[in-house]
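The values are calculated or read from the model by the stated rules, or taken from the named source; none is laboratory data. These numbers were taken from a predicted model, which means no experiment stands behind them. Quick reminder, even Gly has a Cβ in these numbers, built from the backbone with ideal geometry, and neighbours come from all protein chains shown. The protein model used for the area step is the full one, side chains on, heavy atoms only, and it has no ligands, DNA or RNA in it. Shrake-Rupley method; radii C 1.70, N 1.55, O 1.52, S 1.80 Å.
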Amino acid sequence: MGNLVILGGSGDVGSRLVRLLSDHQEWKVWAVSRRSRAVETTLKNVVYSALDVARPGAAKSLPEDAIVVNLPEATPPELVAERLARSETVLDTSATPRYVDALIRAAAGTNGCLVTGVGMAPGLSTLMAADLASNERVETLRIGLELGMGRHYGQAAAEWFFRALGLPYDDPFTGRSVVPGKKPWRFNFTRNEAPRLALDVAFPDEGIRPSGGEVRVHHYLAVDPPFVTRLFAVAQRLGLGRWMSEHSRRLTKLSLRLPQFGQLRTRVTAVAFDREGQEIASKLFEGGDQADLTAAMIMVTLEAMRSGDARQAGANSIVDHLDLEQALSGLRRHLAGIGPMCMNTRPKPN
C-alpha cells in the first residue's frame with residue numbers, strides 16, 4: 001500500500017478525488033486540510049487530518065514516502081521543495097502562472113518529480129493544445145475554457161476566477177504586460193452554436209510547445225450563460241479587473257449567495273492557426289462538472305505513473321506523462337455514470 005497525500009482533501013476537488021480513491025485499496029489516502037471532516041472516516045483506506053500547510057515545519061507533519069497531490073495554491077513552494085528533496089513526487093493542479101513558476105523554481109536541483117497542470121485546465125486542455133502543436137504549420141494556439149454556472153463552485157475555484165481577471169500576463173506576440181480582457185476572442189465551443197465571447201487571461205502553458213517550437217499560446221476564459229461573460233467584459237473595460245482580484249474573497253462570498261443558473265458543464269476548445277492567421281484545425285471537448293473532471297484527471301495521472309505507463313519519468317509537464325487518447329480513455333472510465341463527455345477534432349475545410 002502506497003501513501004498518497006492530498007493537500008486540500010476536504011475541498012471541492014479533494015472530496016471527489018477521495019471518493020474515487022476509496023475504491024483503490026492499494027493507496028493509503030491522507031486527506032489533509034485546515035479542517036478535518038470526521039464524517040468521512042468510514043472510508044477504510046482514508047485518513048482525514050487537520051493541518052495548516054502554510055505554517056513553518058508543516059512538511060514534517062505529513063507521511064513520508066508519499067505521492068503528494070497539491071490542490072490549494074496556499075501551499076508554500078518551500079513545502080513542495082522539501083518533499084521533492086526527499087525524492088518524492090508532487091502533482092499540482094494550479095492554474096496561476098506565477099504560482100506554477102514558483103513551484104518549478106523550488107523544484108530545481110531536487111531529486112523528486114514535480115508534475116504541473118494535472119487537472120482539467122491546465123491538464124486536459126494542455127494535452128489538446130499539445131496535440132495540435134505537433135503540426136509544423138501551427139504558429140498560434142488559442143485555448144478557450146468555458147465554465148457553466150449550474151452550481152456554486154468551491155471557494156478556491158471561485159477565488160481563482162476573480163483573481164485571474166486582474167492578473168496581468170505577457171502578450172505572446174509583443175512580450176508586453178497586458179491586463180486581462182483587453183484582447184478577447186470568440187470561440188465555437190461546439191459545432192452547431194454561434195461563437196461565444198471569452199476573455200483573455202493569464203494561464204500556465206508548460207508542455208504545450210513542441211521541443212524547439214515557437215508556437216504562441218493565448219488563453220481565454222468564458223462563463224455560461226454568455227451574458228455573465230459580457231458583464232465581466234464590461235467590468236474589465238471599466239478597469240475593475242484589479243479591484244476584483246484584490247477583493248476576490250469578498251466577491252466569492254457574495255457569489256455563493258447568488259442563485260445557481262446556467263448549465264453544469266465544462267467546455268474546452270483549442271484552435272490552431274498558421275503563420276498567415278488561417279485556422280488549421282481545432283479540438284472541442286465537453287464534459288460535466290469541472291471538479292469531477294479535475295479529480296478524474298488526477299486519477300488518470302496517478303495510475304499512469306504507478307503502473308509505469310507514464311511516457312517520461314521525472315519531467316514537470318503533464319504532456320510528458322500522458323497523451324490525449326490515454327487521458328480521454330481514463331476519463332471515460334472514472335466518469336462512467338457521472339455525466340456525458342465528448343471530444344471532437346475539426347479540421348478546417350479548404
ask   = Is it possible to state the helix-based mean residue ellipticity at 222 nm for the chain, with each DSSP H run of 4+ residues giving -39500 (n - 2.57), the sum divided by total residues, to the nearest 500 deg cm²/dmol? What is it?
value = -8500 deg cm²/dmol
inquiry  = To the nearest 20 Debye, how big is the dipole of segment 92-239 about its Cα centre, given +1 on the beta carbon of each Lys and Arg and -1 on that of each Asp and Glu?
reply    = 480 debye
task = Starting from the Cα-Cα distance between Asp52 and Asn344, subtract it from 0.36 nm times their residue separation and give me the gain in nm to one decimal.
result = 100.9 nm
ask   = If you place +1 on the Cβ of every Lys and Arg and -1 on the Cβ of every Asp and Glu, how big does the dipole about the Cα centre of segment 188-297 come out, in debye to the nearest 20?
value = 560 debye
key: HN-Hα J in Hz across segment 151-158 - Karplus 6.51, -1.76, 1.60, θ = phi - 60°, x for Gly and Pro   = 7, 7, 6, x, 4, 4, 5, 5
key: Under-5 Å amide H pairs with Cys113, H placed in peptide plane, nonlocal only   = Glu88, Thr89, Val90
request  = Against the globular-protein guess of 2.2 N^0.38 Å, express the Cα radius of gyration of the chain as a ratio, rounded to two decimals.
outcome  = 0.96
note = To the nearest Å², the heavy-atom accessible area per residue of the chain with 1.4 Å probe amounts to 46 Å²
28 Å Cα-Cα reach of Lys60 towards lysines, excluding residues that sit fewer than 8 places from it in its own chain = Lys28, Lys44
ask   = What does the charge dipole of the chain about its Cα centre add up to, to the nearest 20 debye, if the Cβ of each Lys and Arg holds +1 and the Cβ of each Asp and Glu holds -1?
value = 1160 debye
remark   = Within segment 220-242, the residues whose backbone N lies under 16 Å from a label point placed 7 Å from the Cα of Thr96 along the Cα-to-Cβ direction are 242
Cα-only radius of gyration and Dmax that characterise segment 54-129, units Å = 12.1, 39
ask   = Got a sec to turn the phi values of segment 280-286 into Karplus ³J(HN,Hα) couplings, 6.51 cos²θ - 1.76 cosθ + 1.60 with θ = phi - 60°, whole Hz, x for Gly and Pro?
value = 9, 6, 8, 10, 10, 10, 9
request  = Just the ratio, please: alpha-carbon radius of gyration of segment 1-135 over 2.2 N^0.38 Å, N its number of residues.
outcome  = 1.06
query = Using Cα pairs under 8 angstrom and six or more residues apart, how large is the relative contact order of the chain, in percent?
reply = 18 percent
query = Among Ala133, Pro204, Leu147, which residue has its Cα positioned farthest towards the positive end of the charge dipole of segment 129-215, with +1 placed on the Cβ of Lys and Arg, -1 on the Cβ of Asp and Glu, and the dipole taken about the Cα centre?
reply = Leu147
task = Once you have the Cα-Cα distance between Arg237 and Arg86, take 0.36 nm times their residue separation minus that, and quote the gain in nm to one decimal.
result = 49.6 nm
inquiry  = What whole-number distance in Å separates the alpha-carbon centres of segment 185-199 and segment 37-99?
reply    = 37 Å
